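To start, the structure itself, in structure tokens.
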Amino acid sequence: MRTITTVTRGLAAAVLLAVVAGCGTDTPAPLDPSAVARQRVIDTADLDCLDDRSPVVAITDAEQDMTAAIQAGTGDTGVVLLHQADGTACQWYAFALILAQRGFRALAPDITSRDAVEVAQAGIAHLRAGGVKRVFVIGASRGGTVALAASAATSPPVDGVIALSAPTVYDADALTAVTKLGAPTILVAGDLDGSFADNARELYGLSIAKHKRLMIRSTVNHGVTLVDGQVEQTMMAFLADPVAAADAPEPA
């Protein structure tokens, strides 16, 4: 379940008591309730891929709820990475490190809660607030559905979206989203992976994006496991030049 926290009355009372008790010549600085809450989110996040918490940040959505996310890199192009329903932000950690090595800033938030679209939008806002000039959103499986829905509802528009094995509807409505999403879009699926190739074709057909690409691979691979070989090369090319990558024809 997503790690969300708000400052409770008990925490606020504890802060007040700490301030009162510290009155005197050596009065300690009062605790910042929001900082305490933020640190709690970081410390309690379910991220077993990390040896320490240094890559973890707490992002805040429009309702002022906080969510843990893994952040890597310092580039001025940011990439929000959205995990599958069967995983955590750790699913994207290795790829986030690759992006960081190549000059990108990657952010993989925990989207296990049903308000995943709002969390994804908070991730986009977090990157922009940190000085990122271009933002891309990449999602796998349920994360792909959320990526499309969150990007369609974000203003200013994101610079591009990649959805890997995205269901048409899964805690978000990708069918409606692609009829509103004008950003360059790439849809990827394996033709031996159940109905996900058909989902990708349907989303591609409904998409209003001027620059869009459908990649159907001959594989059973699903979601994050599609990120290999030509798919990974296409993703990297997309981050560099989304229009050119989305317009590139599929190999015969």
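Observations, loosely collected:
- Taking segment 128-172 as the range and being in a strand (DSSP E or B), touching a residue at least 40 places away in the same chain (Cβ under 8 Å) and hydrophobic (A, V, I, L, M, F, W, C) as the test, the residues that pass are Val135, Phe136, Val137, Ile138, Ala140, Ile162, Ala163, Leu164.
This table checks each residue for (1) under 21 Å from Ala129 (Cβ atoms); (2) in a loop (DSSP other than H, G, I, E, B); (3) at pLDDT below 95; (4) of a type in the set (Lys, Arg).
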residue	(1), (2), (3), (4)
Asp43	no, no, yes, no
Asp52	no, yes, yes, no
Val57	yes, no, no, no
Glu63	yes, yes, yes, no
Ile70	yes, no, no, no
Thr74	yes, yes, yes, no
Val79	yes, no, no, no
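- For segment 201-220, the criterion of being at pLDDT 95 or above, under 19 Å from Gln84 (Cβ atoms) and among the hydroxyl-bearing types (Ser, Thr, Tyr) is satisfied by at least one residue.
- Filter pass, Ala209 being under 17 Å from Ala248 (Cβ atoms) and part of a loop (DSSP other than H, G, I, E, B): yes
- Qualifying positions in segment 81-112 - assigned to a loop (DSSP other than H, G, I, E, B) and of a type in the set (Val, Ile, Thr): Thr88, Ile111, Thr112
- Subset of segment 71-95 [within 27 Å of Val169 (Cβ to Cβ) and among the aliphatic types (A, V, I, L, M)]: Val79, Val80, Leu81, Leu82, Ala85, Ala89
- Leu239, sole failed condition from (1) in a helix (DSSP H, G or I); (2) over 21 Å from the mean Cα position of the chain (by Cα): (2)
- Filter result for the condition that a residue is outside any strand (DSSP E or B) and either at pLDDT 95 or above or open to solvent by 10 Å² or more (accessible area, probe 1.4 Å) (or both), over Leu187, Leu175: Leu175
- For Asn221, the stated conditions do not hold, so it cannot be described as free of Cβ contacts under 8 Å to residues at least 60 places away in the same chain, farther than 13 Å from Ser151 by Cβ and assigned to a helix (DSSP H, G or I).
- The lone exception for Val161 - which of (1) crowded, with 24+ Cβ neighbours inside 10 Å; (2) under 14 Å from Ala85 (Cβ atoms) it fails: (2)
- The conditions of being crowded, with 24+ Cβ neighbours inside 10 Å, touching a helix residue (DSSP H, G or I) at 6+ places or on another chain (Cβ under 9 Å) and at pLDDT 95 or above are not met by Ala85.
The values are calculated or read from the model by the stated rules, or taken from the named source; none is laboratory data. No experiment lies behind these values; they were computed from the predicted model shown. Positions of Cβ are backbone-derived with ideal geometry, glycine not excepted, and every protein chain shown enters the neighbour counts. With ligands, DNA and RNA removed, areas are computed over all heavy atoms of the protein, side chains included. Shrake-Rupley method; radii C 1.70, N 1.55, O 1.52, S 1.80 Å.
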